[in-house]
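The values are calculated or read from the model by the stated rules, or taken from the named source; none is laboratory data. This is a predicted model, so every value here is computed, not measured. In this analysis, Cβ positions are derived from the backbone assuming ideal geometry, glycine residues included, and neighbour counts consider all displayed protein chains. We work out accessible area using only protein heavy atoms, side chains counted, and drop any ligands, DNA or RNA first. Shrake-Rupley method; radii C 1.70, N 1.55, O 1.52, S 1.80 Å.
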Amino acid sequence: MDARRRDLPYVAVTLGIALLGLVALLEIQQIPTPTLGYDRTGPRLFPSLAALGLILTGLILGIRAWRGEVPEPDEDEADWARPFDARDFIIALLGLVAAAALLRTTGFIVAGTVLFMVTATALGDRRPLFSLPIAVLFVLATYLLFTRFLGLNLPRGIVPL
Amino acid sequence: MEVLGSLGEGFGVALTPENLLLTALGVTLGTLVGVLPGVGPALTIALLLPVATQISPGSAFIMFAGILYGAMYGGSTTSILLNTPGESASVITALEGNAMARRGRAAAALATAAIGSFIAGTVGTIGLTFLAPALVGIALAFGPWEYFALIVFAFAMISAVLGKSALRGVASLALGLLLATIGLDRQSGQARLTFGSPELLGGIHVVVVAVGLFAIGETLFIASRGRRDLKVESVIGLVGLVWMNRQEWARSWPAWLRGTAIGFPLGTLPAGGAETPTMVSYAIERRLSKHPQEFGRGAIEGVAGPEAANNASVAGSLVPLLTLGLPTSATTAMMLVAFQQYGLQPGPLLFASSPQLVWGLIASLYVGNTLLLLLNLPLVGVWAKLLEIPRPLLYGGILVLATVGTYSLQRSMVDVIAVYVIGVVGFLMRQFGFPLAPTVVGMVLGPLLEIQFRRAMQIGLGDLTLFVTRPIAGTIIVLTVFLVVVVPMLRFARRHRLAKPVA
C-alpha cells in the first residue's frame, strides 16, 4: 500500500477545521469587551483560544496531509478496512432529514417509525415486512413510556394517542 | 474510622428498597448497553438525563453508577463471544477472550472476566472509599489556580498525550471548547458566537453534542461501511457450562490483582477512560506470563488482567469526579453534567453538604458489584442472546431513542436538528480518525476552566505568575508542559529511529 498517497478528502476536512476556526474568530469580534476590573481576560479570550486551536491544528494537519502524511486512525482497523459506501450513507442521512421534517408535522410516532425503518434499510435490512411491526411497536412503547410514565412531552401530531 | 461511619450511613441510603431497585435497574441497563455494540455508558447517561430529573439526585447517581460498572461487565461478553467489542474498554478482551471461546473455553473466559471484574470493582471501591475523604482534605485548600492547572492537565492528557495523533486530539478538544462558549457568557452577560440567532443564546447543551457524536455519528459511520459484514457475525454458542479448571484459576487470580493495581491508579488520573489501563494490563500480562506462546491463541491472563483493570479504573475515575469535580472520561463527564443539572457541584464541599448523596453513591457501588456478579455468572446465556438482535433494528432503535432523549431535554425542535447536524460532524470525525471524547470532555470542562481562570485573575488582581508560583498549581503546570513537550519529542525521536532502517 502506498502510504504517501495524497488523501484529498482528508485535506478538505482539515481545511474545513481551519475555516471553522476562522469563521468563529471573525464572529468573536462582534462580542463587546467591557474593560472593567482586574479580570483582564473578558469574554473574548477563551473562544479566541479555541478558534485559534482549530485554525492551527487544521492548517498543520492540512499541510501534512497535502504532503501525503496522514497519521493512522485511533480506531480499530476492522472498521477502516471496509470501503466507504456512499449509497447507504446517503440513505441514513435522508432518514435524519425526514425525521426532522416529520417530527413537527406528523408527530413523534410517524417520524420515529420512518426514522427507524430508513436507518434499518441503510444498515442492510432485507426484511421490511418483518421489521415494520417491530419498528411500530418499539416507537409506540417508547412514546408511551416517555409520555405516560415519565411525564415528558413528545410531539403528538396526527396519531390520536 | 470516621470513614466507616460515613460508609455505614451510605449503606443505609443504598439499601433502601427504592435505591436497591435503582441499582438493579442501573446494572441491568449497564450490562445491556455494555453487551450491545453501538451504545456505551456515556450515551446511556446522556439519554437518561431528561428522565433523571423525575427522581432525586441521590437515586439518579446510584442508577448511573450501576450503569458505569454494568457496562464494563457487559462489554466483556460481546468481546468474548462475538469478537466485536461492545465497549472500547473491552477491545483488548476480544484478543484473548475470543480466541479462548473459539477453543471451546468461552464459559471459562466469561467466568474469569466476571469474577475479575467483581474483585477489581470491589477493591477499587474500597480504594475510593478511603482515598476520596483523604483527597477531599487536600482539595479544600485548592483555589481557582489549582483547579485551572488541573483542568489544563486533564486536557493535555486527554487530547495530546494519549491517542495516536496529538494534533487531531487537540482539534477535537478545541471544537468542544468552542462549542461550549456558544451562548450567553455567564460572567459578562454578552452573547458569544450566536451569529445573531436567538436560538443559540441558551448555548448548545452537552447532551446534544454527546448524543450527536456517539449515537447519530456512530450510526452514520456504520451505515457508510457497507452491508457485507452486517449479518451478525458468528456468535459463539455456550456449550454447556464448562467452568474454569484449576489451572485457569491459578493463572487468573494474579492477573486479577495486577489488573486492579494498574486500573485503579490509572483511573484516578485524567488518562481518558478505561481503555488505557486495559492496554497496560495486557502488555504486562503478556510480558510476565509463563505461557507467552499462548498469547494470541487464548491466554486466560489476557482476559483476566484487562477485565479487572477496566473495572478498577471505573472506581478510580470516580475519585477525581467526586472529590474535585474533574471528569476524566466521556462517561464521567456526562455524570458531571448530571450533577450540574441538579445544581450540585461535585468537589470537597459536596462531601460536607450532601454526605448522604456521596456516601449513598459509594455504598451502592459495593451493592452494584455484587448484583453484577450474581447477574452475570448465571445469566450470561441470556445476555449472549442479545447479540442476535439484527444490527439494522438495533441502530434503528438507537436513533429513535437518541431523538426522544434529545427532544425531551428542553422540548426543542432546534435541539433535534442540532443533534442530527452534530451527528454528521461526528461521522466526519470518525471517518477521518479524530477522537470523539476530547470534544465532550472539552465541552464539559471548558466553561469550568474559563470560570476558574477569570476568578483567579480577579482574586489575584490580574497576576498571571500565581499560576506557577503557587506550589500545587505550579507543579501541575510544569508536569503538563513536560507531558506536552517532552513526550511528543520522545515519540518523534522513536519514529525517526524506527524509520531509518526502512529508508
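Placing A:143, B:147 in order of accessible area, with the largest value first and a 1.4 Å probe, yields B:147, A:143.
Net charge of the neighbourhood of residue B:39, taken over other residues with C-beta under 14 Å away and scored Lys/Arg +1, Asp/Glu -1, is -1. Here chain A is treated with +1 on each Lys and Arg Cβ and -1 on each Asp and Glu Cβ, and its dipole about the Cα centre works out to around 540 debye. Ligands, DNA and RNA aside, residue A:67 has an accessible area near 150 Å² when probed at 1.4 Å. Each Lys and Arg contributes +1 and each Asp and Glu -1, all at the Cβ; summed about the Cα centre of segment B:2-462, the dipole is approximately 1020 debye. Orientation-averaged projection of segment A:8-71 equals 4.7 nm² [convex hull of Cα atoms, one quarter of hull surface area].
The residues of chain B expose, per residue, 36 Å² of accessible area to a 1.4 Å probe. Residue B:491 contributes an accessible area of around 70 Å² to the protein surface, as traced by a 1.4 Å probe with all chains present. Simple rule: put +1 on each Lys or Arg Cβ and -1 on each Asp or Glu Cβ in chain B, find the dipole, and look at B:453, B:88, B:147; the Cα lying farthest toward the positive end is B:88. Across segment B:350-364, rounded Karplus estimates of 3J(HN,Hα) from the backbone phi angles (6.51 cos²θ - 1.76 cosθ + 1.60, θ = phi - 60°) give 5, 5, 7, 7, 10, x, 4, 5, 5, 6, x, 4, 5, 4, 5 Hz, Gly and Pro being marked x.
At the residue level, residue A:27 shows approximately 40 square angstrom of accessible surface with a 1.4 angstrom probe and all protein chains present.
Taking amide H as placed 1.01 Å from N in the peptide plane, the amide H of residue B:192 sits under 5 Å from that of B:183, B:184, B:185, each at least 5 places away or on another chain. Could you run the Karplus curve 6.51 cos²θ - 1.76 cosθ + 1.60 with θ = phi - 60° over segment B:304-321 and give me ³J(HN,Hα) per residue in whole Hz, x for Gly and Pro? So the J values, rounded to whole Hz, are 4, x, x, 5, 5, 4, 5, 5, 5, 5, 5, 4, x, 5, 6, 4, x, 5.
Heavy atoms of chains B and A lose about 6800 Å² of accessible surface on contact, summed over both sides with a 1.4 Å probe. Each of B:200, B:210, A:144 was scored by the projection of its Cα onto the charge dipole of the protein assembly as shown, and the greatest displacement toward the positive side belongs to B:210; charges sit on the C-beta of Lys, Arg, Asp and Glu.
With a cut-off of 11 Å between beta carbons, the residues surrounding residue A:31 carry a summed charge of 0, where Lys and Arg count +1 and Asp and Glu -1. Computed from the Cα positions only, the extents of the protein assembly as shown along the three principal axes stand at 74, 66, 62 Å, in decreasing order. Taking only protein heavy atoms and a 1.4 Å probe, the accessible area of the protein assembly as shown is 68% carbon and sulfur. Taking the Cα centre of the protein assembly as shown as reference, the dipole from Cβ charges on Lys and Arg (+1) and Asp and Glu (-1) amounts to some 1240 debye. In terms of packing, defined here as the mean over residues of other Cβ atoms within 10 angstrom, the peptides A:96-104, B:205-213, A:111-119, A:6-14 line up highest first as B:205-213, A:111-119, A:96-104, A:6-14. A quarter of the convex hull surface defined by the alpha-carbon atoms of segment B:2-462 gives 21.6 nm² as the mean projection.
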